[in-house]
1. Of all the helices (runs of 4 or more DSSP H) wholly in region 1-107, which have at least 1 residues that are exposed (fewer than 15 other Cβ atoms within 10 Å of the Cβ) and at pLDDT below 95?
2. Kindly indicate the residue of region 28-45 that is closer than 14 Å to Ile11 by Cα and among the hydrophobic types (A, V, I, L, M, F, W, C) and also nearest to the chain's Cα centre (by Cα) among those meeting that condition.
Amino acid sequence: MSAICLIDTRIFLNILNVPNRNQDKAQVLDEFKEYIELDVTFILPMATVLETGNHIAQNGDGHLRRKTAQRFCEMVKGALTGKAPWQLREFPNSQNILGRISAIKKIHQYCIIIKE
């Protein structure tokens, strides 16, 4: 089983080279390459996508904002089409969360019965 790596907003901002948010770009890209060589599975949470889009939108230079937004769109599209090294993960819907809570309650009840 390979390792899983969640890409947080700070990392994604550096990978995308977002102006004023890319102070660690060289280090992040070096470590990212190492993880790729180790065959790590990368997960791009939807929260990271939303937060990154917000940071890009706040860039005051319209030209840089447009160029960065285009890179951002290409990287997100790559995740959706399987061309990027990461997979996109959506927010769970309410039915999914309720199902998980129900399953946890059943497991908990089962554990209590076994203990007695």
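1. Answer list for region 1-107: 25-37, 46-57, 62-81.
2. Only one residue tops the list, namely Leu44.
The values are calculated or read from the model by the stated rules, or taken from the named source; none is laboratory data. Keep in mind that what you see is a predicted model, and the values were worked out from it rather than measured. Cβ atoms come from the backbone with ideal geometry, glycine included; neighbour counts cover every protein chain shown.
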